[in-house]
1. Determine the gain in length on full extension of the stretch Asp67-Ala145; use 0.36 nm per residue of separation and subtract their C-alpha separation, reporting nm with one decimal.
2. Within the stretch 128-158, whose backbone N sits under 12 Å from a point 7 Å along Cα→Cβ of Thr122?
3. Anything over 26 Å Cα to Cα? Flag those among Lys74/Lys102; Lys89/Lys172; Lys141/Lys170; Lys141/Lys172; Lys71/Lys141; Lys74/Lys132, in the order listed.
4. At q = 0.20 Å⁻¹, work out log10 I(q)/I(0) for the stretch 57-162 with the Debye formula, treating every Cα as an identical point scatterer and leaving solvent out; two decimals please.
5. Mind giving me the nanometre distance, one decimal, between the label points for Lys89 and Glu54, set 7 Å out from Cα along Cα→Cβ?
6. Counting only the backbone N, which residues of the stretch 62-84 are under 16 Å from the spot 7 Å out from the Cα of Lys172 toward its beta-carbon?
7. Would you mind checking which residues have amide H under 5 Å from Thr164's amide H? H placed 1.01 Å from N; only 5 or more apart, or other chain.
Amino acid sequence: MFRAMGNGAAGLVLALLVIVGVQVYGSILVPVGSDQQIAKVEGLSAAGAAPAEEASFAELLSQASADDGKKVAKKCVSCHTFEPGGPAKVGPNLANTVGHDKGSKPGFAYSAAMQEKPGNWTYEDLNTFLTKPAAFVPGTKMTFAGLTKGKDRAAVIAYLASLTENPPPKPKP
């Protein structure tokens, strides 16, 4: 087809195809529209510069449901048990975790890194740990990548608090 058109015409057709292709695929890669439309596509604020702010952890925790947390915690049952007095599996039993010393539950061989982590499990520490365990405790045995959604972390922590005898007061929003 291009030989019959000649080099100039073939070059023109090829150039037009490239231009149309760049416009079609470019609009897919770089959204065009109002700031609100672009923000919706990219998960950004209306200004388009920064991610939309999530509620504070204390706000998320105050709204969290232990029932929702139990559902999210189904991801954890291959390694953990939740019933009080339950056995350790690949990970420790998680009943009575909130407010308990880190790395010290009987019946589980914690990593040295976890045993050396000072203090009790606060709501904030649990939130940070569940975001990315290896970042909070470098050297932890826990290979779980973490829960990316703050709402999911808050729900799991509310569930853990419901399994804790005399849990500490939740932080105020």
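Rule-based calculations on the coordinates, nothing more; no lab input. Small disclaimer: the values here were computed from a predicted structure and weren't measured. Every residue, glycine among them, receives a Cβ derived from its backbone with ideal geometry; neighbour counts consider all protein chains shown.
1. Answer, rounded to one decimal: 25.8 nm.
2. Those under the cut-off are 128.
3. The answer is Lys89/Lys172; Lys141/Lys170; Lys141/Lys172.
4. Taken in order of the listed q values, log10 I(q)/I(0) reads -1.07.
5. Simple spin-label model gives 2.4 nm for this pair.
6. 62-63
7. For Thr164, the qualifying residues are Asn96.
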